[in-house]
Structure formats: C-alpha cells, structure tokens
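For reference, the structure discussed in these notes is given below.
The values are calculated or read from the model by the stated rules, or taken from the named source; none is laboratory data. The shown structure was predicted, so the numbers you read here are calculated from the model rather than taken from an experiment. A quick note on method: Cβ atoms are made from the backbone with ideal geometry, for glycine too, and the neighbour counts reach across all protein chains shown.
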Amino acid sequence: MKFRTSLVGVVVAVATVASAESINIPESFWRAPAQYERFSTLTARWDNNKLDVDFALDAPLAGGFGMAIDKNGASGQGIITSEPGGYLHFIGNSNLNPDAATVRFMARGRFWAQGQIMTLFAMRRETFSIEIVKKPAALALIVRKFQYRPGSQKEKEKGDYWRTLSEVSIPLSDNVDPEKWHSVVASWDVKAGGGLIALDGAGETGKLTFPNDDRGVLMLLLGGSAHTKYARDAYSIKGTAFDELQCYNQPLEKLLAWGKNPPPPPALVKAETGARNYFRTLAKLQRYGGWQGVYSWPTLIGCDAQGRYLASYDDIISNDKTRGSALIAAWLIYGYEIFNDHYYLDLARKTADFYVAAQSEEGAWNYSYKIAVNHVTHNEHLEYKFQDSVQSHPIYLLSYIYRITGEKKYHESLMRAGAFYLKAQNPDGSWSHHYDVKAQCGRTAGGLPNGGEINDLAMNDAIDVMTLMWHFTKDRRYIDAMKRAGDWLLKARLRGAVDGWAQQYDNQIRPVWAREFEPPAMSFSATDDACKALAQLYRLSGDKRFRDPIVECRDWFAKKFPDGMMSSYYEIETGRPIRVFERKIYHLDDPKEAAAYASFFQGVPARSYRVPDFQGILESAVYPVREKPLDKEGAETMLGLTQSQGKMAADTQNEAGVWVYPNYGDTIASIGAGFIPGQGRAFMLLRYIDAARTARGELPLAYRGGSYPHGIGSMKNLAFPSGWYDDVPWNK
C-alpha cells in the first residue's frame, strides 16, 4: 500500500508561463446551453429573472452587487454589470472542486477590446486563486497567490501580474468583436499539473504549478477578482454581460471522453442524487467536526441513542456504538474519492482534526465528548472503551485520511493510538470492555480487572487494529499480540451442553455478567463474532487451530437448531434458552417463565434469531490469501455484488438523503421518528456508486475500500484497501 505525501506539487519560486499546445473543443460542448449534467456542480442561465443559479450542489444563492438581468442574453436572458465593479459571488464548497474542474460561460462587452484588462472568473482558496483574466492582448488562466501586497521589488516590477505563479494563455487578435457573445472555457487538474484556456472553442493547454493548500473553495466570483488590492484587473467594466455559466468537477479531457459513454442507468443516477443529499445533510448537522448518534426527524434534535431522555444540545460529539463520528467522516472521504468533491474531504478533515485534538495523553478516546470553543472534554465519565469500535474507528479514520493526504499529524496520532491499544491488552491475550487509566488495566463492563470481552466487536476490532498497525509499523509486537488473542479465543470456547462463546469473561476466562440483561451464558452474537475473529486469524496464519472450531460449531448448531433459529442466550450448564430482565433469568422453554418475561414488554415474546452464517464464515477462511489488481472483469463482479443493496438504499431514502425510522428503537420511550447519520445503508449506496462508476470507466480501476480484493469492504478496508493479508510473518 502506497501513501500520498502531498495533494499537490511544490510551487516554483518564479511565475511561469506554460509552454502550450493548441486544442480545439467540440462546438457541441462550448456552445451548449447551461444545464444540469452528472458531473456539473453549478449551472446558471438567468432565465427566471433572478441572479441565483439554476442548479448548485451547495447553495444556489448569489451575492455581490452591481449586477442586473440582461434581456439580451446569449440564449434567452443573461446578466450584465449595471455599475463599475459589479460582480456576483457564490459559496464554494461543493459548487466547485479546486483540484480538478472545468468552467465555461459566454461573455460580451468592451473588455474584449485590445488594451482592456478584467478578471472574468475567479476561484478563491486560502492561499491562492485560479482566475480567468482578459489581459491587454490575451486571455489567460492564471494561478495567483493570495497575498495582500507585493512583498519584494521584483513583485512590484511585475505590475498588474505581481501575484501570478503560473498561467496558460492565448493571444487575442484585434477582430474579437466586443458586441458579440464569445465562449470562454477553462479547465485545470492539480494532480496532472496542467490547465487549458479557450475562446470560441480554440485554445491552448499547458503546465501549471499550484501551491499546497488543504482548504477547499471559499467562493466563486463572476465579473471580478478574489483579490482587489494592487490589481487593476480586479474590477468589472460597466456593461459586461455573462450567460450560460456551467462548472464541472472534472477536467475537460475526462468530460469529453465520458460524454461518449452510454447514458447511465436510472438506478445509478438516483443513487448519486441520494448520496449527494445524504452528504448535504451531514454538512448541515456537523458541529465542531462531529455528529451525535441519533437525530429526530424532522426536528433534527440530537440524541446519544433512541430514548428521548438522551436528547442533548448540539455541543455533544458521539464516538460510540460503531456508528460514531469517525465512521461518518470515513464515508465522506470515500465520497470525496468517488465524486471528486473536495468539500467532503474538508468536512472529514474537521473530524480527523477533532480526533487529533481529543486524543488523550495515553493515545485513546472516550465514547462521547462535550465541546466548547476553547476546549474538548469527555462527556459523563471517562471510559476508554474497546467495545462499540470506540478506539478502532478513529484509528481507521486516521489511517484513511493519512493515506489520502499524507499529513504527518494524522500519522503521529495513529501511532499513539496503536501503542495504546497494544499496551491495553490483558495478560491472558484478551481485551476488556474498557481501560482503567488510574489502575492501568482493562476492566469488564461490570468492573472486574483484566476480564476479556467479545461483545460488541471488542476482540474483532483489536485483531484488526493489530493487523493494520503491523502494516504501518512492521513492529513484531502487533503480530505477537494477535497470537495471544487467538489463544485466548480458543480457551474461552464453551463446551458441553453448549458449543460457542459468552459475551464477557473474568480474568480466569469464566463467563460473567455485564449489564443487567447480559448474563454469563452462551451468546449467539458472541459466537458469531468469535468465529469471524478466528477466520481472520486463520487467513493471516494458516493455523488450523483457528479454523477447526468454526467447523465444529457449524455442525453442532445444525443439530441443535435444525430450523436455523435460536434464542439470544443459552444456559451453560443445561443448554436451555434464556432471557434476562434486571438480572433475573427466565427459561424460554418454560411457558410460564416465557410469558413472565414477555409481560415486561407488553406481552411481546422474546425475539428469535437466525443462527450465525458459519458456512459463509468458513468460505472466507482461506489460506493463503491471493490478491490480484482490479481489472475490468473484477469491476463488473463488484458491480454485481453491490447493485441490489445500492438500489435498496436509494429506494428507501427520504428527501434529505437519510433513512428515517417512524419510531426509532420501537419503544414508548423513543425520541420518535429519527435516523442514524452513520446508517449502514449509506455505505451500501456509496459502494454501488463506486462499483458502477468504475465499471463505466469513470473511476480508475482500483480498490478504494468499499470493495477490496475479497469482496465487499468495511471501514477497515477504507483505511487499507488491499494487501491486508500480505507479508504478515506469523511464524517468523
């Protein structure tokens, strides 16, 4: 796995004018009316007598001054500067991708005359802008540093172009008629280091250099520059007219190539729209870089969980229940990769920065935080949980964003987290419910020291984190920790009247109570999680000790539960099905006890569950694991794996892109209608879009984590999409 060290190249010390190559853009592109297309981010025709745009991925509202509707547009109506310096601006965010974009519009006015200068369009980032400028005798796409005033004598000597870092330009002849409409097309690609500028379809391409800048687009400007100090071309000339503005989040070369593809299937278009709506809602709800666990609908009141007594103010950030803020941010990065929308990376960066700031000296995170302007504090009591992915999901997020950006701070935070995870392993090889900082030991949910827990992915996450940290560090201690974990899982297996695992154990590997409804019994969910963990260990090691118990459990469960259904818990000594209410055990095979248990839930009987999918687990338990790069056939296979789930996810979203439960939690104490921002269907949607775009040639043939070389991926695969089982020296 290779990691990027920077998003963009290094800026040269002096401004450069690119050596150019001539191009001709199809008239069907540059003369087309502005209209919504799959890769467009903002379009405006101004035929509705408003200055706002017709379509925008973010806000469509127009700011600025001195602009009016022009009845004589290039096609219908347009807009015109009604006073000197008049211009429009629009919010950036998803409305333009700073790293790769194409912009086209029609323009008319005196500025086309020889000797006149004016900035027609500008995109403002934090440290630089990209601008389309009419120079005295040329039309140029210019990368300009955003600096208040000239800082040296050399800069002062450059006059109007002292901010120029690089540019591509075309000369303008005397016969450009200012009274006629002319098409302007510009495009750039930061990764490729190039851009183009064209007038009426004829233009030049050339190399461009861009500063390093992590921030997205602050604003777009039409009819003026982002910088107005010491810049005569920053202001519009009265009477300048614009029409047919369209922005895209792809360079022109890709747009023209993909325009030859067959039309996308309606299901893909629907999924893309749904994903955009979902991300728009996430942006609206994000506070201080994070989200709460549940939101009411449509009132958007945040809650830790489903109960309305858990409603809270918006200064709470959830890092709990395997659906916390880290998971949501990882999906935003995935969206950035799929849609080429830098705003999604901006949102995820805020979350990653929160986790860096919130990380304890030990290298851990609490399950919930309360945020103020100048500090981050843990909400309620301090508890470094391992259950519910409280530690693993921030680790995966930091791994993912480091893989994408190469930023050192994320790597450093990741290393601290991995070292803490290693330190927190119990002497017997297990991990506990949480880590007690004062006592320097793990504790069960009931407070017992050094007790191991399988419940809520405590052991599964630990094994996966150890694997990930091995790949990052090549530190043998992470492999040795996995070996100890595997030995503990084998010892923790329950045999006799049952065959499986309990949810939690003491430090003598004896099943114990956790919460009042979690008894010391064989658990269907713990057995499922334990077998999946053993399958992972077998894929890494090839040690049959880890695979054989899965086979034996499959055979035992098939005899014990021939209809494939089972209860949550089974008494260890007798094998009888049980449920618990306030620590009192009820035997479900006794009609009176089963009815007594149901009476606590208005007569609703205890739920039954399908037995774990042992056969599916065994099919994944292969060794050695072989990987091959994604090819076109593989992309079609991934599309087949993700399509039905993606369609289902798109079909069940509401207008805000979320999945609303009429009574979240299905309880009389519920907040009512509500949704989870970390809903798993969002990942289904994104995996389908990734697979469909890859199969259509609109994304590179590469695993991004939604799919990985062995099928449908999970959050850990977003952190490390391929090579998970490669070069793990288990027996060395």
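Of note:
- Residues located in the range 613-664, provided they are in contact (Cβ under 8 Å) with a residue 12 or more places away in the chain and of a type in the set (Ser, Thr, Tyr): 620, 623, 642, 652, 661, 664
- Close pairs (9 angstrom Cβ cut-off, 6 or more residues apart or separate chains): closer than 14 Å to residue 96 by Cβ and in the same structural domain as residue 21 (by TED's automatic domain parsing) in the range 184-199, in a loop (DSSP other than H, G, I, E, B) and among the aromatic types (Phe, Trp, Tyr) anywhere: 188/210; 190/210
- When residue 277 is tested against (1) in a loop (DSSP other than H, G, I, E, B); (2) closer than 25 Å to residue 330 by Cβ; (3) in contact with an Asp or Glu (Cβ under 8 Å, 6 or more places away or on another chain), only condition (1) is not met.
- Picking from residues in the range 594-612 that are free of Cβ contacts under 8 Å to residues at least 12 places away in the same chain and either of a type in the set (Gly, Ala, Ser) or under 30 Å from residue 555 (Cβ atoms) (or both), the one that is surrounded by the most Cβ atoms within 10 Å (Cβ to Cβ) is 598.
- Near pairs, Cβ below 9 angstrom, 6+ apart or cross-chain, from the range 516-538 (closer than 14 Å to residue 619 by Cα) to any residue that is hydroxyl-bearing (Ser, Thr, Tyr) and assigned to a helix (DSSP H, G or I): 532/620; 535/620; 536/467; 536/620
- Single residue of 691, 702 found to be on the phi < 0 side of the Ramachandran plot, without any contact (Cβ under 8 Å) to a residue 60 or more places away in the chain and touching a Leu at 6+ places or on another chain (Cβ under 7 Å): 691
- Any hit, the range 627-646, residues being of a type in the set (A, V, I, L, M) and at pLDDT below 95: no
- Criterion: under 28 Å from residue 294 (Cα atoms), at pLDDT 95 or above and of a type in the set (Val, Ile, Thr) - qualifying residue of 574, 652: 652
- The set of residues from the range 293-331 being assigned to a helix (DSSP H, G or I) and surrounded by fewer than 24 Cβ atoms within 10 Å (Cβ to Cβ) comprises 308, 309, 310.
- Checking each residue in the range 539-550 for being in a helix (DSSP H, G or I) and either touching a residue at least 24 places away in the same chain (Cβ under 8 Å) or within 20 Å of residue 524 (Cα to Cα) (or both) picks out 539, 540, 541, 545, 546, 547, 548, 549, 550.
- Among the residues of the range 115-143, those identified as surrounded by 21 or more Cβ atoms within 10 Å (Cβ to Cβ) and under 30 Å from residue 280 (Cα atoms) are 120, 121, 122, 123, 124, 125, 128, 129, 130, 131, 132, 143.
- Each residue in the range 235-249 was checked for being of a type outside the set (Phe, Trp, Tyr), buried (at least 22 other Cβ atoms within 10 Å of the Cβ) and more than 15 Å from residue 69 (Cβ to Cβ), and 4 of them qualify.
- Scanning the range 660-670 for residues that are at pLDDT 90 or above and under 27 Å from the mean Cα position of the chain (by Cα) gives 660, 661, 662, 664.
- Cβ-Cβ contacts under 8 Å between residues 6 or more apart (or on different chains), taken from a first residue in the range 453-467 that is on the phi > 0 side of the Ramachandran plot to a second residue that is among the hydroxyl-bearing types (Ser, Thr, Tyr) and modelled with pLDDT under 95, are listed as 456/322; 457/322.
- Residue match in the range 515-523 (condition: out of contact with any Phe, Trp or Tyr (no Cβ under 9 Å at 6 or more places or on another chain) and either modelled with pLDDT under 95 or not in a loop (DSSP other than H, G, I, E, B) (or both)): yes
- Test: residue in the range 252-269 that is small (Gly, Ala, Ser) and within 30 Å of residue 84 (Cβ to Cβ): no
- Residue count, the range 430-474 (criterion: assigned to a loop (DSSP other than H, G, I, E, B) and over 33 Å from the mean Cα position of the chain (by Cα)): 8
- Failed criterion for residue 60 (all others in (1) within 28 Å of residue 249 (Cβ to Cβ); (2) at pLDDT below 95 hold): (2)
- Set 649, 656, 635, 606: member being in a helix (DSSP H, G or I) and under 30 Å from residue 307 (Cα atoms): 649
- Filter result (more than 20 Å from residue 222 (Cβ to Cβ) and either under 34 Å from the mean Cα position of the chain (by Cα) or surrounded by fewer than 18 Cβ atoms within 10 Å (Cβ to Cβ) (or both)) within the range 24-38: 24, 26, 27, 28, 38
- The residue list 282, 256, 252 contains one member that is over 23 Å from residue 317 (Cβ atoms) and surrounded by 18 or more Cβ atoms within 10 Å (Cβ to Cβ), which is 252.
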